[in-house]
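Notes follow once the structure below has been shown.
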């Protein structure tokens, strides 16, 4: 037998720019054309953002091809939609010299980033996030992908954006429910990494809810610094990056079990309270943090309890499929202080005995006034 | 406006092992279980390899789950097949702790490697190539992907294998046509990088065609060294790696235009002769090389002319979609000597005027006795 070896070279350190400002959409394409003159630009957005005029603001009279995801939302976050975008690119004879622009929320960014990762084995993608959840979280860090019939983000890739443009002005056309839900990711960042930022959120919540440009820009910049630092230390989630999943094990399960009637941020708010309860049960999370988080979520109008009508078995099943699961045992990120995650020997996740998980899910269920009845979310 | 930056850390140099030997399939799973005890193994092959008993030889009595691609061949190299594999993994509750084994030819390796790249944003994949084309070429280097309706390998990723096992014994069950066609990739390696290897092929062709174990092992090791060195210098085809596409611009176009009735290696043989003609027309490739290549292909029973019945317009259209194309202008790898590619200022590809391409395609067409008639390949 002959044994030989093939080497994979190192990849040097790199960086991408994040530009945050108000009404910056019209400046994006001229800047991209200046910085990457050899590339053909292709914009993708969804029907809702097109109807709000944001696609027109981006494209202007630059004659850029575009694709509109319709219907908007999680229902379109499938391999089918990715394939439709790829087919559109091929039909219009785009090649490796393509640059995709993802204009939209987390769903659009995940779909388009994934399409860019797959097209001709990878073309650059510029993220232009337009929602609180995408500006705080999903547009940064390179995680892209789609849902399967069985689980969220089941198929995906790591594909870092070539650049990120956060236009805070786009947040003003976001409906109140989505605007508020997305702020749960900012709360998450504060809780896992920056207690002072948590104080900032408490102190400035009214100005955030009034969507003041200066505060939204500051919010974007702070989220970016927190997430950027974590992703730099662990780009492909070998350990530390798991802390960004704080609140997401239960959160994803609730979101999926609600048939996506609960928004991602709403589900994460519930998941964060659940993760605090788990941390307290394990004796790792000090008391008081959960109450402060719940109070902030209360001011945001976000739920902090699992809606009635979701059986625990469905949640447990979803958690067993969670990407952090080991075998089929779910693992959870818990806090050891406000602004600090329990390192758990470098794993940053802990396993929880089934009885304890059962108790926490019981406490977390049914006292929040929400219910799923006849397939609809009611309050 | 706030401008900040997110850093992407370096990725250190890595390596994977390539094990080449005779009848080594039964040793693979025990070795993987020893080296990666935490991972759940999942084998994927195609119906033809299963019917030849290779899946049974691999799996033994180790109780490993498996998936069989049916029908075998390029027709199954689609996103649909990848999705079927991913669904099988999810249904059986595989998670990030999965390791996929791709047992088969280039098609199986490309499909399974791509599925592994996408599942939970990437799980390891072990390649166990069973054909001359896969052992020489496709199992190494990390290029994975599937065809679209419009072009070959349109969607894909770079996903380096965790390990490669080349069982030369599996080559003995390969039908004569596929066995011979796959050797075109060895000829290609010799022509772009190793004139001495070209001499080895000329001298040992009869022993190779007799499928002598020792010669097949030597063949695998030499291919591995050539391809490994190229891939290490340019893993994601920024320049040098393009030399591996020698013969493939015309080759892919002919393969696709024949409706995949011509095999990949057969198409590459035609493409290599075409690339020599182009190189000669440009005054870059010395005379004589084409004749030596054509003589070797002749001994291999491989075609060296474009089959009748394929319109030039269809070939030009396919070449305009080639991944090396710039805009819609195809680019070609040409030789400056036997064993050495024309560096072309570090691009390793040259553009060719349409009239010259027309002339070469005309010379290359119709004198080889092959024809596509009524949708069938005839000789």
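Every number in this text was worked out from the coordinates using simple rules, so none of it is lab data. Just so it is clear, the structure is predicted and the values come from calculations on it, not from any experiment. Cβ: placed from backbone, ideal geometry, glycine included. Neighbour counts: every protein chain shown.
For the residues of B:321-328, the average number of beta carbons from a partner chain within 10 Å of their own beta carbon is 4.
Inter-copy label distances at residue B:61, using a point 7 Å along Cα-to-Cβ, come to 7.9 nm with the shortest given first.
The calculated 222 nm mean residue ellipticity attributable to helices in chain A amounts to -13500 deg cm²/dmol, summing -39500 (n - 2.57) over DSSP H runs of n ≥ 4 and dividing by all residues.
Counting, for every residue in A:119-125, the Cβ atoms of other protein chains within 10 Å of its Cβ and taking the mean gives 5. Once you sort the root eigenvalues of the Cα gyration tensor of segment B:17-173 as a ≥ b ≥ c, which label holds: rounded (a/c under 1.5), prolate (a/b larger than b/c) or oblate (the other case)? Judged from the Cα gyration tensor, segment B:17-173 comes out rounded (a/c under 1.5).
Could you give the length gained on full extension between residue B:238 and residue B:175, defined as 0.36 nm per residue of separation minus the Cα-Cα distance, in nm?
Result: 19.1 nm gained on full extension.
If R0 equals 60 Å, the separation of the Cβ atoms of residue B:229 and residue A:284 corresponds to a calculated FRET efficiency of about 0.75.
With label points set 7 Å from Cα along Cα→Cβ, the inter-copy distances at residue A:22 are 7.8 nm, sorted shortest first. With each label modelled as a point 7 angstrom along the Cα→C-beta vector, the residue B:261-residue B:312 pair spans 2.2 nm. Mind checking which of A:243, A:64, A:226 has the largest fluctuation in a GNM of chain A, springs on alpha carbons under 10 Å? Highest fluctuation among the options: A:64. What is the helix-to-structure angle for B:289-300, meaning the angle in degrees between its Cα long axis and the longest Cα principal axis of chain B, kept from 0 to 90 and rounded to the nearest 10? The helix B:289-300 is inclined about 60 degrees to chain B.
Provide B:34, B:92 in ascending order of the number of other Cβ atoms located within 10 Å of each residue's Cβ, fewest first.
Lowest to highest Cβ neighbour count: B:34, B:92.
Report, in degrees rounded to the nearest 10, the 0 to 90 angle that the Cα long axis of helix A:25-35 makes with the longest principal axis of chain A. Approximately 60 degrees, to the nearest ten. Cβ crowding within 10 Å ranks B:168, B:19 as B:19, B:168, fewest other Cβ atoms first. How would you classify segment A:176-373 from its alpha-carbon gyration tensor, with a ≥ b ≥ c the square roots of the eigenvalues: rounded for a/c under 1.5, else prolate if a/b is greater than b/c, otherwise oblate? Oblate is the answer for segment A:176-373, as a/c is 1.5 or above yet b/c matches or exceeds a/b.
A point 7 Å from Cα along Cα→Cβ stands in for residue B:229, and the other copies hold the same point at 4.7 nm, listed in rising order. Fully extending the segment from residue B:75 to residue B:196 would add 39.9 nm, taking 0.36 nm per residue of separation and subtracting the current Cα-Cα distance. Between residue A:150 and residue B:209, the FRET efficiency estimated from the beta carbon spacing at R0 = 51 angstrom works out to 0.60. Comparing A:264, A:252, A:52 in a Gaussian network model of chain A where C-alpha atoms under 10 Å apart are linked, the largest mean-square fluctuation is found at A:52. Look at B:314, A:112, B:75 and count the other Cβ atoms within 10 Å of each Cβ; fewest to most, that gives B:75, B:314, A:112. If you sort the three axes of the alpha carbon gyration tensor as a ≥ b ≥ c, you get a/c of 1.5 or more for chain B and a/b above b/c, which makes it prolate. For residue A:336 and residue A:56, the difference between the fully extended length at 0.36 nm per residue and the C-alpha to C-alpha distance is 96.1 nm. Residues within the reach of a label modelled at residue B:7 (point 7 angstrom out along Cα to beta-carbon, backbone nitrogen below 19 Å), restricted to segment A:1-26, are A:10-19.
Most simply put, segment A:103-205 has about 50% antiparallel DSSP beta bridges, counting only bridges with both residues inside it. Peptide packing: for B:270-282, B:79-91, B:202-214, A:287-299, the average count of neighbouring Cβ atoms within 10 Å per residue gives the ranking B:270-282, B:79-91, A:287-299, B:202-214, highest mean first. Take every DSSP beta bridge whose two residues both sit in the protein assembly as shown; close to 45 percent of them are antiparallel.
Does anyone have the angle between helix A:195-209 and the longest principal axis of chain A? Alpha-carbon axes, 0 to 90°, nearest 10? Once rounded, the angle reads 70 degrees.
Nearest-5 percent of antiparallel DSSP beta bridges in chain B?
Taking every DSSP beta bridge within chain B, about 35 percent pair in antiparallel fashion.
Across peptide A:9-21, the average count of Cβ atoms from other chains found within 10 Å of a residue's Cβ is 5.
For the rotational copy relationship between B and A, the axis lies nearest to a chain B beta carbon, identified with its distance in whole angstrom as B:11, 2.
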